[in-house]
1. Would you be able to tell me the number of residues in the stretch 32-68 that are of a type in the set (Ser, Thr, Tyr) and either without any contact (Cβ under 8 Å) to a residue 60 or more places away in the chain or not in a helix (DSSP H, G or I) (or both)?
2. Answer yes if at least one residue in the stretch 83-100 is under 19 Å from Thr174 (Cα atoms), open to solvent by less than 50 Å² (accessible area, probe 1.4 Å) and among the aromatic types (Phe, Trp, Tyr), and no otherwise.
3. Scan the stretch 128-147 and give yes if some residue there is at pLDDT below 90 and surrounded by fewer than 16 Cβ atoms within 10 Å (Cβ to Cβ), otherwise no.
4. Which of the numbered conditions does Pro120 fail, given that it passes all the others? Conditions: (1) under 19 Å from Asp138 (Cα atoms); (2) open to solvent by 20 Å² or more (accessible area, probe 1.4 Å); (3) modelled with pLDDT under 90.
5. Can you pull out the residues in the stretch 183-221 that are within 24 Å of Arg104 (Cβ to Cβ), at pLDDT below 80 and open to solvent by 60 Å² or more (accessible area, probe 1.4 Å)?
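The values are calculated or read from the model by the stated rules, or taken from the named source; none is laboratory data. The model shown is predicted, which means the values in this text are computed figures rather than measured ones. When we count neighbours, we look across all protein chains shown, and the Cβ atoms used for this are built from the backbone with ideal geometry, even at glycine. Remember, those area values only see protein heavy atoms, side chains included, never the ligands or the DNA or RNA. Shrake-Rupley method; radii C 1.70, N 1.55, O 1.52, S 1.80 Å.
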Amino acid sequence: MVTATATEQPQCRAPRPRADAVRNRERIVAAARELLVEHGTDLPLDEVARRAGVGNATLYRNFKDRGELMHHVVLTVTDHVTEHAEQALAAEEAGEKTAFEALRTFVHLAADERIGALCPMLNATFDKDHPDVVAALDRLTAGIEELIGRARTAGQLRTDVGVGDLMVALSQLTRPLPGTACLDFDRFVHRHLQLFLDGLMTPARSELPGEAATLEDLRQD
């Protein structure tokens with residue numbers, strides 16, 4: 001039997017980020033999310049820092065450029081929206097909501113997460129094939145497809161609607177109209193979403209043109 005003579009060295013652990021550093025990063029992502037909804041992918045980084053209440057140096061310590069910041073915003077929004085989808089599914093499984101009520105709850109919560117901030121995915125310069133983005137979107141798609149499938153199986157959702165249709169409507173209805181005079185748009189969002197959701201219920205009162213859209217349709221260049 002061979003006895004080890006070398007003293008085992010303790011493993012070095014990466015230092016935890018300070019609480020204020022974590023809060024700064026979260027504030028930067030939240031501010032960028034709002035500005036992506038308002039300005040699209042040309043969001044001004046100086047304004048991101050101002051709204052987040054941090055200096056430009058703090059912003060660039062966390063995100064080297066606009067592309068990296070948008071990447072993290074997309075991941076954050078996608079993860080939050082996915083969590084809402086999974087919670088809505090759990091509520092339906094527990095008998096707390098009907099299938100369509102679960103879908104309705106998800107839509108309103110997704111709107112509050114500023115799902116319109118996912119529009120950078122449609123920009124040619126955004127890396128839609130990054131493994132983290134692909135994994136996050138696959139998880140989101142699975143959750144929404146399950147919500148839609150259950151509502152359709154229950155006979156409560158019209159049959160000619162796809163995940164992409166829902167996401168396009170959500171993005172469009174939660175984005176402010178052009179011009180600074182329309183930035184106080186939030187007070188209309190849930191009212192208009194409710195009108196849209198009523199149109200998804202059976203029986204369908206008209207035939208939709210074209211085909212149901214998928215998320216894959218939206219992700220194509």
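1. Looking only at that region, the number is 2.
2. No, because not a single residue in the stretch 83-100 is under 19 Å from Thr174 (Cα atoms), open to solvent by less than 50 Å² (accessible area, probe 1.4 Å) and among the aromatic types (Phe, Trp, Tyr).
3. yes
4. Going through (1) under 19 Å from Asp138 (Cα atoms); (2) open to solvent by 20 Å² or more (accessible area, probe 1.4 Å); (3) modelled with pLDDT under 90 one by one, Pro120 breaks only (2).
5. Hits for the stretch 183-221 are Asp186, Arg187, Thr214, Asp217.
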